[in-house]
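Worksheet: the structure to be examined is printed underneath.
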Amino acid sequence: MIPQGAEQPLPLSVDRTSPVPLYFQLAQQLEAAVEQGRLAPGTLLGNEIDLAARLGLSRPTVRQAIQSLVDKGLMVRRRGVGTQVVHSQVRRPLELSSLYDDLEAAGQRPATKVLRTTMEPATAGIAAALGLAEGTEVHLVERLRYAHDEPMALLSNHLPPDLLALPARELESTGLYRMMRASGITLHSARQSVGARAATAGEAGALDEEPGAPLLTMERTTYDDTGRAVEFGSHVYRASRYAFEFQLLMRG
């Protein structure tokens, strides 16, 4: 397969003696090429028939390999254009860092649209997370986070009143944790839970997904070095474009 604009074909091969299905071997190599930047976003893949002939595979096998990457959100089939590489899935380690910083570190060109920034009475759950009395006025910030100009996550954060100024212009140009650190807040620890659910119609519209599409969810309460809760975040992420990574250690 020679991507449009490439001078040399990708070095692809399959091992017919391996128990791994041929389509999966091909899919793994194409996915690695996307992750490593050898197939850049926007690249159009070559003809499936040519690739099948080159590797001695059937066309349905090649089609199955490419479809598996379409299903992962790494490629998209466009009518009249062909199969095109989009962007590699963001894999975020579970540690006390902001999505903005993680996207920037991964070269994903983060951008933010502020949907709402206001004060509202804390519900029982939010008040408990922030260690405040129910009904206390807290700051609500709702944002839509992009990576490579594609919507990635809907972010909702509640913060104690008078913690720091939250101008929309600054929220759109940097991350919330950077703003906290710049205000002298030392982030120390967090309690976090990760889950999944179906997208509502509103979430689907904002995230460019179909209603009912799978979303990853994350709730986090973050504490400073004095033990004070400084934010409660409730976020949803496109499962087609985002994943959490866990590092597991054997308990001796």
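The values are calculated or read from the model by the stated rules, or taken from the named source; none is laboratory data. A quick note: this is a predicted structure, and the numbers were derived from the prediction, not measured. Please note: Cβ atoms are built from the backbone with ideal geometry, for glycine as well, and neighbour counts cover all protein chains shown. What goes into the accessible areas is simple: the full protein's heavy atoms, side chains included, and nothing from ligands, DNA or RNA. Shrake-Rupley method; radii C 1.70, N 1.55, O 1.52, S 1.80 Å.
For the pair T136 and A201, a Förster radius of 41 Å applied to the C-beta separation gives a FRET efficiency near 0.85, rounded to the nearest 0.05. Take the Cβ atoms of S13 and T226, set R0 to 45 Å, and the FRET efficiency comes out at 0.20.
Would you work out what percent of the accessible area of region 156-252, with all protein chains in place, is carbon or sulfur (probe 1.4 Å)?
Carbon and sulfur together cover 50 percent of it.
Averaging the sequence gap over all C-alpha pairs within less than 8 Å and six or more residues apart, then dividing by the number of residues, gives region 133-252 a relative contact order of 25 percent. Our coupling estimate for region 16-24, obtained by passing each phi through the Karplus curve with A = 6.51, B = -1.76, C = 1.60 and θ = phi - 60°, is 6, 8, 7, x, 6, x, 4, 5, 6 Hz, Gly and Pro reported as x. Computed with a 1.4 Å probe on the full set of protein chains, the accessible area for E120 sits at about 50 Å².
Note that region 36-42 has calculated 3J(HN,Hα) couplings of 8, x, 6, 10, 6, x, x Hz, one per residue in order, obtained from phi through the Karplus relation 6.51 cos²θ - 1.76 cosθ + 1.60 (θ = phi - 60°); glycine and proline are x.
What number, in percent, do you get for the relative contact order of region 142-184 if the mean sequence gap of Cα pairs under 8 Å and at least 6 apart is divided by its residue count? Mind showing how you got there, number by number?
Details: 21 pairs, mean separation 10.6, N = 43.
Reported relative contact order: 25 percent.
Entry comment: accessible area of region 125-172 is 41 Å² per residue, from protein heavy atoms only and a probe of 1.4 Å.
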